[in-house]
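Novice: Here it is, the structure in full.
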There are 6 protein chains.
Amino acid sequence: MPSSLTHLDDDGRARMIDVGAKPATRREALARGRMVTTAEVVRLLVADGLPKADALATARIAGIAGAKRTSDLIPLCHPLPIDAVTVDLRPSDGTVVIEARVSTTGRTGVEMEALTAVTVAGLTLHDMVKAVDPGATLTDVQLVEKTGGKHGRWTRDQ
Amino acid sequence: MPSSLTHLDDDGRARMIDVGAKPATRREALARGRMVTTAEVVRLLVADGLPKADALATARIAGIAGAKRTSDLIPLCHPLPIDAVTVDLRPSDGTVVIEARVSTTGRTGVEMEALTAVTVAGLTLHDMVKAVDPGATLTDVQLVEKTGGKHGRWTRDQ
Amino acid sequence: MPSSLTHLDDDGRARMIDVGAKPATRREALARGRMVTTAEVVRLLVADGLPKADALATARIAGIAGAKRTSDLIPLCHPLPIDAVTVDLRPSDGTVVIEARVSTTGRTGVEMEALTAVTVAGLTLHDMVKAVDPGATLTDVQLVEKTGGKHGRWTRDQ
Amino acid sequence: MPSSLTHLDDDGRARMIDVGAKPATRREALARGRMVTTAEVVRLLVADGLPKADALATARIAGIAGAKRTSDLIPLCHPLPIDAVTVDLRPSDGTVVIEARVSTTGRTGVEMEALTAVTVAGLTLHDMVKAVDPGATLTDVQLVEKTGGKHGRWTRDQ
Amino acid sequence: MPSSLTHLDDDGRARMIDVGAKPATRREALARGRMVTTAEVVRLLVADGLPKADALATARIAGIAGAKRTSDLIPLCHPLPIDAVTVDLRPSDGTVVIEARVSTTGRTGVEMEALTAVTVAGLTLHDMVKAVDPGATLTDVQLVEKTGGKHGRWTRDQ
Amino acid sequence: MPSSLTHLDDDGRARMIDVGAKPATRREALARGRMVTTAEVVRLLVADGLPKADALATARIAGIAGAKRTSDLIPLCHPLPIDAVTVDLRPSDGTVVIEARVSTTGRTGVEMEALTAVTVAGLTLHDMVKAVDPGATLTDVQLVEKTGGKHGRWTRDQ
């Protein structure tokens, strides 16, 4: 493990590190998180009685749009030309699993874009359920896998 | 509990609900989450050997700025005149607790602003540590307390 | 009719005019437009075979989010605390009618917010259909009605 | 014509489609629309008596800036490195024709950027004239021509 | 003079200070700066031969739009409902004086909005002249006067 | 020196000029400015008694984030994939020198990004000190050096 954070210089000052010498290559990242609420609230989100209800679509679209705002939200993060974003929401008993996959052809990875997509989708679910479940929790937001770049593939041990 | 989500109309269509009839009153919210990493990474973030290291300040400032972007990120969330934001980061053994308190004098609450501040601060920590700990996890992001508005005070059972 | 544009001073210079002396009152606006494409493309957007297809939801949510970006897009437009936004999409034979209603409690009207919601929803439909119908047209974007403010109610002659 | 919308997956979920396998090539798009108002209002916009009046310049600059916000406004639209934008406004009797030409060296086309430039310029004209003509209409916003990409040149039949 | 910065808490942590107890009152600020270049470049900006040249209008509009982005750019700055913005550009021999006046009905002052309008207008001039004068300088950006709020009127000694 | 501004066409209309024929090469820019206040205020910013005080970090991070917003603030400026940003603040007796270095691999230079980083960092300092020194001045904001591109290296005479 490095003995320091690359985002700080030798004096501890924040900087956007130089990626100019890295090649622009295909990179992907998959991130995941979970919104934990109640079974009844998940039923409202899924809205079985309303075949075209927008709740999950709203979160999915917010997550995709959120991925594009990543470098605007995270101060030391590089702007990247995003090639693709998918946000997958899997409601089950009292929980919605949120998964985002992002890819780029760029000089640095898209881990932060995938994590941002998951959290913005999660916050959007939170917003929709907070009147019925103020105690809902967004949890276990983490990187699952990334590919491309100098270090190649990384996968979370499961 | 309501039998439906207020953000959807009777046909399940997403909408920004009308808060025009609600009074503009003082409202506060406190949210919390945790970045879980390793003890060694927390030592790098705290940077004891670098008294003015910017790592925690970067996350704090990103969280404050993030609170102001809430209605831009979350589609059905109302824009609100934010009165105050504080973001508190408490590093301990392998974990950084993130707490955000937001207040407004507005027609709806600031729960989403506080939760957004926590997640953006958390994502910013993630960005700084991802080269040394790609497995870091942002977890237990939830509302702790809110005051003001028609429903008055709500506190998470602990 | 005034003999000059209020957004220009006596020398013709652009300015954001002073609304500080106007009272903050309830104001509403309804705007409408149409996306003209083919009957087959409208069938794809409605996606009868896919009960939860996101196409119309994507446009609706983009329109709502677009309303909140109005003062960011239009240089001389005042930022306003939006109380409510609804975007209604009515697909029929070869056409999608887009209607947006916005309200505020503010010092100036929300005509531009309603028109922006219609156009951003329309552009989002355009984006989704452009591969199958590059000739789709967004047309007849106009104010239908506004209420509130010094001039009271205005309704388009129909 | 494709039998489905590329922006939706097989289950109808919205996604930002993957353009990573497409080459970054020169692509251009030309879009057009019209603001329909009265001859008197067009005279105010042109401001013959005020040689340096800012009205048309304001719309032109808003349109150029709007082109750069396209992927921020339209959820499933890719961010692109824009090479050039021009916005041309041609006032005539009761109408202002708005034309925007955008080019990129990118992996997908700039149709949406050109259409967004036209609509933001049009909305900005609307904002300036709405006090004197609340009934102004932005109409016939459509793609005129595009070049580059796998499908080569497309031109609207006229 | 206070013995500490109000934007830092007792431990030196950045925060957005609480303005919720302050009344929403009329406040104004006037800021000024100068772009210093050559007499020849000022002639190009003024474009005497081109009666409708957009150079100064572009800077004016960018400054007005910039005022609205202030709380987005400056981390600890409160969002405010801006009532009015004017940006005045006075070209003279080798220099363009930039003056911005902003007003609000809000809980804190608009000094930063006026200063941001001046600097964004100045940067926009810089952008337009940099190919002909890379050495242009934006200088003496400062507050000239503010009124309203607890401390009343402040005027720069001149 | 050119006899006209490249950002205006032959009729004086603003445009974003076409950089599509230029190669994407490494380009750097260094800009500098100074915040002039009092020695006492500089002591508050440096906060010797508070080893982890955030004042300078807040300005540094705002400057870095500001560089990424450049094409959003300046109407005719191209969006660029920024490779690196550093913001260096050097407090001395009554003055803080602000220096920003930005690099890209792009089709046009990053002078405006470096100048924007300096001014946003300067405005952020202004915001923090304005309660104790409303007369603080941001001055001498200028390009120091640029490299890359067709014209190669340019250095300010000193």
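Every read-out reported here was derived from the displayed coordinates using simple, explicitly stated rules and does not represent laboratory data. Values in this document were obtained by computation on a predicted structure and should not be read as measured data. Cβ atoms come from the backbone with ideal geometry, glycine included; neighbour counts cover every protein chain shown.
Novice: Could you tell me what a quarter of the Cα convex hull surface of the stretch D:1-94 works out to, in nm² with one decimal place? Each step should come with its number before you reach the end.
Specialist: Numbers: hull surface 37.2 nm².
About 9.3 nm², averaged over all directions.
Novice: Related question: Per residue of D:117-130, what is the mean number of Cβ atoms on other protein chains within 10 angstrom of that residue's Cβ?
Specialist: 6
Novice: What ranking do F:16-25, C:117-126 get when scored by the average of other Cβ atoms within 10 Å per residue, highest first?
Specialist: Highest to lowest by the protection proxy: C:117-126, F:16-25.
Novice: Near the amide H of C:Asp83, under 5 Å away, which other amide H atoms are found, from residues 5 or more places off or on another chain, if H is placed in the peptide plane?
Specialist: C:Ser103, C:Thr104, C:Thr105
Novice: Also, I was wondering about something else. Restricting the calculation to Cα positions, tell me the Rg (one decimal) and the Dmax (whole number) of the stretch E:81-156 in Å.
Specialist: Final numbers for Rg and Dmax: 14.3, 46 Å.
Novice: Right, here's the next one. What do you get for the angle between helix B:111-129 and the principal long axis of chain B? Use alpha-carbon atoms, 0 to 90 degrees, nearest ten.
Specialist: Value to nearest ten degrees: 20.
Novice: Now for a different question. Less than 14 Å Cβ to Cβ from D:Arg27, Lys/Arg counted +1 and Asp/Glu -1: what total charge do the surrounding residues give?
Specialist: Around D:Arg27, the surrounding residues sum to +2.
Novice: What does the charge dipole of chain A about its Cα centre add up to, to the nearest 20 debye, if the Cβ of each Lys and Arg holds +1 and the Cβ of each Asp and Glu holds -1? Intermediate results must be reported in sequence, preceding the final value.
Specialist: On the way: 20 positive and 20 negative charges, 90 e Å.
My answer is approximately 440 debye.
Novice: Quick one: what are the phi-derived ³J(HN,Hα) couplings along the stretch C:54-61, Karplus 6.51/-1.76/1.60 with θ = phi - 60°, whole Hz, x for glycine and proline?
Specialist: 8, 4, 5, 4, 4, 5, 4, 5
Novice: Then there's this: Taking the label point as lying 7 angstrom from Cα along the Cα-to-Cβ axis, what are the distances from D:Gly135 to the corresponding position in the remaining copies, in ascending order and in nanometres?
Specialist: 3.1, 5.9, 5.9, 6.0, 7.0
Novice: Same structure again: For chain F, what does -39500 (n - 2.57) per DSSP helix run (n ≥ 4), summed and divided by total residues, give at 222 nm, in deg cm²/dmol to the nearest 500?
Specialist: Computed mean residue ellipticity for chain F: -8500 deg cm²/dmol.
Novice: Given A:Lys68/F:Lys130; A:Lys146/B:Lys146; C:Lys22/E:Lys146; D:Lys130/F:Lys22; D:Lys68/F:Lys130; A:Lys68/E:Lys150, which pairs have Cα atoms separated by over 30 Å?
Specialist: As for pairs spanning more than 30 Å Cα to Cα, those are A:Lys68/F:Lys130; A:Lys146/B:Lys146; D:Lys130/F:Lys22; D:Lys68/F:Lys130; A:Lys68/E:Lys150.
Novice: On to the next question. Just the Kirkwood number for the protein assembly as shown, please: inverse of mean 1/r across all distinct Cα pairs, in Å, one decimal.
Specialist: By the Kirkwood definition, the hydrodynamic radius is 27.6 Å.
Novice: Per-residue HN-Hα couplings for the stretch A:22-37, Karplus 6.51 cos²θ - 1.76 cosθ + 1.60 at θ = phi - 60°, whole Hz, x for Gly and Pro?
Specialist: 7, x, 7, 10, 5, 9, 9, 8, 10, 10, 8, x, 9, 9, 9, 9
Novice: In nm to one decimal, list the spacings between the F:Asp157 label point and its equivalents in the other copies, with label points set 7 Å along Cα to Cβ, shortest first.
Specialist: In nanometres, ordered from closest: 3.7, 6.5, 6.5, 6.8, 7.8.
Novice: Right, something else. Between E:Asp18 and the same site in the other copies, what are the distances in nm, shortest first, taking label points 7 Å from Cα along the C-beta direction?
Specialist: Result, one decimal in nm: 3.4, 3.4, 4.6, 5.1, 5.9.
Novice: Could you give the distance between the Cα centres of the stretch F:69-144 and the stretch E:138-158, to the whole Å?
Specialist: Here the two parts' Cα centres lie 22 Å apart.
Novice: Normalised by the number of residues in the stretch D:76-158, what is the relative contact order in percent for Cα pairs under 8 Å and 6+ residues apart?
Specialist: Dividing the mean separation by the residue count of the stretch D:76-158 yields 21 percent.
Novice: May I ask for the Kirkwood hydrodynamic radius of the stretch D:42-113, worked out over all distinct Cα pairs and given in angstroms to one decimal? Provide the component values of the computation, followed by the final result.
Specialist: On the way: mean 1/r = 0.0732 Å⁻¹.
Computed over the stretch D:42-113, the radius equals 13.7 Å.
Novice: Shielding of A:98-111 by partners, i.e. mean partner chain Cβ atoms within 10 Å per residue?
Specialist: Counting other chains' Cβ atoms within 10 Å and averaging over A:98-111 gives 2.
Novice: Okay, next question. Considering the Cα trace of the stretch E:28-147, what is its radius of gyration and what is Dmax, both in angstroms?
Specialist: Rg and Dmax of the stretch E:28-147, Cα atoms, are 14.4, 46 Å.
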